[in-house]
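Working notes for the structure below.
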Amino acid sequence: MFDKATLLFLYAETPVHTGSGTSLGVVDLPIQRERATGYPLVQASGLKGCLRDALNGSAQSAQKVKIVFGPETNSASDHAGALSVGDARVLLFPVRSLVGIFAWVTCEHVLARFHREAQLAGISLNWQPIGPGPGGDSVVYVSKDTVLKVNDRVVLEEFAFTAETPQNFNLIAQWLSNHALPQGDEYQYWRENLPKRLAILPDNAFRDFVQLSTEVIARVRIDSEKKTVARGALWTEEHLPSETLLYATLFASKPRVQENELPEEWRSGNGVDKVLEFVRMLDGKHLQIGGDSTVGRGFVKVHFYSRSN
């Protein structure tokens, strides 16, 4: 059983390809998706490996990494790790807009799941999930000062929606701006603009956008002698677009090792807090997740939820 939990946010600064293997569909290498909803995700095993690799930088940290994430495979029976990492799920997805450049879209279903996981992590939110109800497939919720609206309409890709502003929209927008986006000075513009670009879509419309509006990039391999595309070396890859916001729930328990195996500074105080404190060292750092690191893909900014934000 786990004793404490927190929320981890990942902001995509470049397109992200977390592959699910080859496909017989239109895209050769699609991204990972939830089976039931079709929403993009980053599977927990891949995210855990990225966190482990980012923290394993010295001999001293290697001992802590083993305690927090568990031993290497050949010693896996020694003890379990003290940290459980959940799947990274999509919270905000960027979609091209007729005005305002792009919108961050979400929906009531996504907000309701996030609300549920926040409660599981012991985080109390000051808002309730909202979204256009049944019969509202042509309605989108935006703020009063949105940059997305033209004559009471919001046009995303080739689809037009009627803009409405519900009473507690600003509570959701401000919470996301204050707590979900990275806190560095370089993100001030994005935090200030999130309420103006946020759009809460009908559930069906959101599902269609995250399935059909990802980036599909063509890749080739050049024959080193002929300087032409090698035979059979043209393929397509699907990517989560830049500006996507993901979140994951992290659960921590007390270290599952003897006290004499703990680092000296971990032998006093709460072991659970030490585990989360160690992982929080990545707050504000960059991770590379998924494939194509040599062509600049998969760079995300790490942000942990903090009540002080």
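The values are calculated or read from the model by the stated rules, or taken from the named source; none is laboratory data. Values in this document were obtained by computation on a predicted structure and should not be read as measured data. Here Cβ is always computed from backbone atoms with ideal geometry, including for glycine, and neighbour counts include all displayed protein chains. These area figures cover heavy atoms from the full protein model, side chains too; ligands, DNA and RNA do not enter into them. Shrake-Rupley method; radii C 1.70, N 1.55, O 1.52, S 1.80 Å.
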Query - Computed label-point distance, nm, for sites residue 79 and residue 211 using a 7 Å Cα→Cβ extension - result: 4.6
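Under the rule a/c < 1.5 gives rounded, and otherwise a/b versus b/c splits prolate from oblate, where does region 192-253 land using the Cα gyration tensor? Could you put the intermediate results ahead of the total?
Details: a/c = 2.85, a/b = 2.05, b/c = 1.39.
Note, shape of region 192-253 comes out prolate.
When the chain is fully extended, how far beyond the present Cα-Cα distance does residue 99 get from residue 152, taking 0.36 nm per residue of separation?
On the way: separation 53, 0.36 × 53 = 19.08 nm, distance 1.23 nm.
Value of the extension gain: 17.8 nm.
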Query raised in the report: Roughly speaking, to the nearest percent, how much of the chain's 1.4 Å accessible area is carbon and sulfur?
Result: 48
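Need one number: convex hull volume per residue for region 128-194, Cα atoms only, in Å³.
On the way: hull volume 7.0 nm³, N = 67.
In region 128-194, the Cα convex hull volume per residue is 105 Å³.
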Report task. Set Lys and Arg Cβ to +1 and Asp and Glu Cβ to -1, take the dipole of region 76-189 about its Cα centre, and tell me which of 159, 93, 135 lies farthest positive. Result -> 135
Report summary line: Subtracting the Cα-Cα distance of residue 193 and residue 160 from 0.36 nm times their residue separation yields 9.7 nm
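Let's see if you can work this out: charge +1 on each Lys and Arg Cβ, -1 on each Asp and Glu Cβ, no other charges. What is the dipole magnitude of region 1-156 about its Cα centre, in debye to the nearest 20? It would help to have the intermediate numbers written out before the result.
Numbers: 14 positive and 13 negative charges, 29 e Å.
Roughly 140 debye for region 1-156.
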Report summary line: With the 1.4 Å probe rolled over protein heavy atoms, the chain has an accessible area per residue in Å² of 49
Query raised in the report: Lys/Arg Cβ at +1, Asp/Glu Cβ at -1, dipole of the chain taken about the Cα centre: which of 252, 269, 220 is farthest positive-ward?
Result: 269
Report task. Determine, for each peptide in 41-50, 247-256, the mean count of other beta carbons within 10 angstrom over its residues, then list the peptides with the highest first. Result -> 247-256, 41-50
Query raised in the report: residue 3's amide H: which non-local residues (gap 5+, or another chain) put their own amide H closer than 5 Å, with H modeled 1.01 Å from N in plane and none for Pro or chain starts?
Result: 252, 253, 254
Report task. Add +1 for every Lys or Arg and -1 for every Asp or Glu among the other residues with Cβ under 15 Å from the Cβ of residue 299, and state the total. Result -> -3
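Below 12 angstrom from the Cβ of residue 133, what's the summed charge of the other residues (Lys, Arg +1; Asp, Glu -1)?
Values: positive: none; negative: 108, 137, 164, 203.
Neighbourhood net charge equals -4.
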Query raised in the report: Pairing the Cα long axis of helix 203-212 with the longest principal axis of the chain, what angle in degrees results, from 0 to 90 and rounded to the nearest 10?
Result: 80
Query raised in the report: Could you give the angle, 0 to 90 degrees to the nearest 10, between helix 188-197's Cα long axis and the longest principal axis of the Cα atoms of the chain?
Result: 40
Report task. Compute the length gained on full extension between residue 222 and residue 273: take 0.36 nm times their separation in residues and subtract their Cα-Cα distance, giving the result in nm to one decimal. Result -> 13.3 nm
Query raised in the report: Treating the beta-carbon of each Lys and Arg as +1 and of each Asp and Glu as -1, no other charges, what is the dipole magnitude of the chain about its Cα centre, to the nearest 20 debye?
Result: 140
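Any idea what % of Cα-Cα pairs in the chain are farther than 25 Å? Each step should come with its number before you reach the end.
Numbers: 25785 of 47586 pairs.
Tail of the P(r) past 25 Å holds 54 percent of the pairs.
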Report summary line: With bins of 10 Å, the percent of all Cα-Cα pairs of region 113-251 per bin from 0 is 10, 30, 32, 14, 10, 5, 0
Query raised in the report: So what is the 222 nm mean residue ellipticity for the chain from helices alone, if each DSSP H run of at least 4 adds -39500 (n - 2.57) and you divide by all residues, rounding to the nearest 500 deg cm²/dmol?
Result: -7000 deg cm²/dmol
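Rg(Cα) of region 170-283 divided by 2.2 N^0.38 Å?
Values: Rg = 22.9 Å, N = 114, 2.2 N^0.38 = 13.3 Å.
Compactness ratio reported: 1.72.
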